[in-house]
């Protein structure tokens, strides 16, 4: 039996993407009264923060000021959303 799914839609600057995720998964990952949309939003921001961190701190060579600023802005948004820093949440710092 196929699991019940929910559609995720992402819109950015006139572009969009859609995909289906199992509702049981978003419900299992939710805390308190979080909606499926909030769970997917949290995962999107977490994924972007992880990727930004990897590019800036674990990549090869100088990434430049633009990517460093993008990582800083992403980590600021992360802390605002989750109430703790990326380093605190992951236990990973430099």
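The values are calculated or read from the model by the stated rules, or taken from the named source; none is laboratory data. Only a predicted model underlies this, so the values are computations on that prediction, with no experimental measurement involved. In this analysis, Cβ positions are derived from the backbone assuming ideal geometry, glycine residues included, and neighbour counts consider all displayed protein chains.
Assuming residue 18 fulfils every condition listed in (1) out of contact with any helix residue (DSSP H, G or I) (no Cβ under 8 Å at 6 or more places or on another chain); (2) at pLDDT 95 or above; (3) closer than 18 Å to residue 90 by Cβ apart from one, which condition is it?
With (1) out of contact with any helix residue (DSSP H, G or I) (no Cβ under 8 Å at 6 or more places or on another chain); (2) at pLDDT 95 or above; (3) closer than 18 Å to residue 90 by Cβ applied to residue 18, the lone miss is (3).
For region 63-82, enumerate the residues that are under 10 Å from residue 53 (Cα atoms) and either surrounded by fewer than 14 Cβ atoms within 10 Å (Cβ to Cβ) or in contact with a strand residue (DSSP E or B) (Cβ under 6 Å, 6 or more places away or on another chain) (or both).
Hit for region 63-82 is 72, nothing else.
Please determine whether any residue of region 57-65 is modelled with pLDDT of 95 or more, under 20 Å from residue 11 (Cα atoms) and either under 12 Å from the mean Cα position of the chain (by Cα) or outside any loop (DSSP other than H, G, I, E, B) (or both).
Within region 57-65, not a single residue is modelled with pLDDT of 95 or more, under 20 Å from residue 11 (Cα atoms) and either under 12 Å from the mean Cα position of the chain (by Cα) or outside any loop (DSSP other than H, G, I, E, B) (or both).
Which condition from (1) touching a strand residue (DSSP E or B) at 6+ places or on another chain (Cβ under 7 Å); (2) assigned to a strand (DSSP E or B) is the one that residue 3 breaks?
Against the list (1) touching a strand residue (DSSP E or B) at 6+ places or on another chain (Cβ under 7 Å); (2) assigned to a strand (DSSP E or B), residue 3 comes up short only on (2).
Output the residues belonging to region 10-44 that are exposed (fewer than 10 other Cβ atoms within 10 Å of the Cβ) and not in a loop (DSSP other than H, G, I, E, B).
Within region 10-44, 11, 12, 15, 16, 17, 18, 28 meet the criteria.
Quick one: which of 85, 93 is farther than 30 Å from residue 23 by Cβ, out of contact with any strand residue (DSSP E or B) (no Cβ under 7 Å at 6 or more places or on another chain) and surrounded by 12 or more Cβ atoms within 10 Å (Cβ to Cβ)? Write out each step before concluding.
Values: 93 fails: surrounded by 12 or more Cβ atoms within 10 Å (Cβ to Cβ).
Selected residue: 85, the only one of 85, 93 that is farther than 30 Å from residue 23 by Cβ, out of contact with any strand residue (DSSP E or B) (no Cβ under 7 Å at 6 or more places or on another chain) and surrounded by 12 or more Cβ atoms within 10 Å (Cβ to Cβ).
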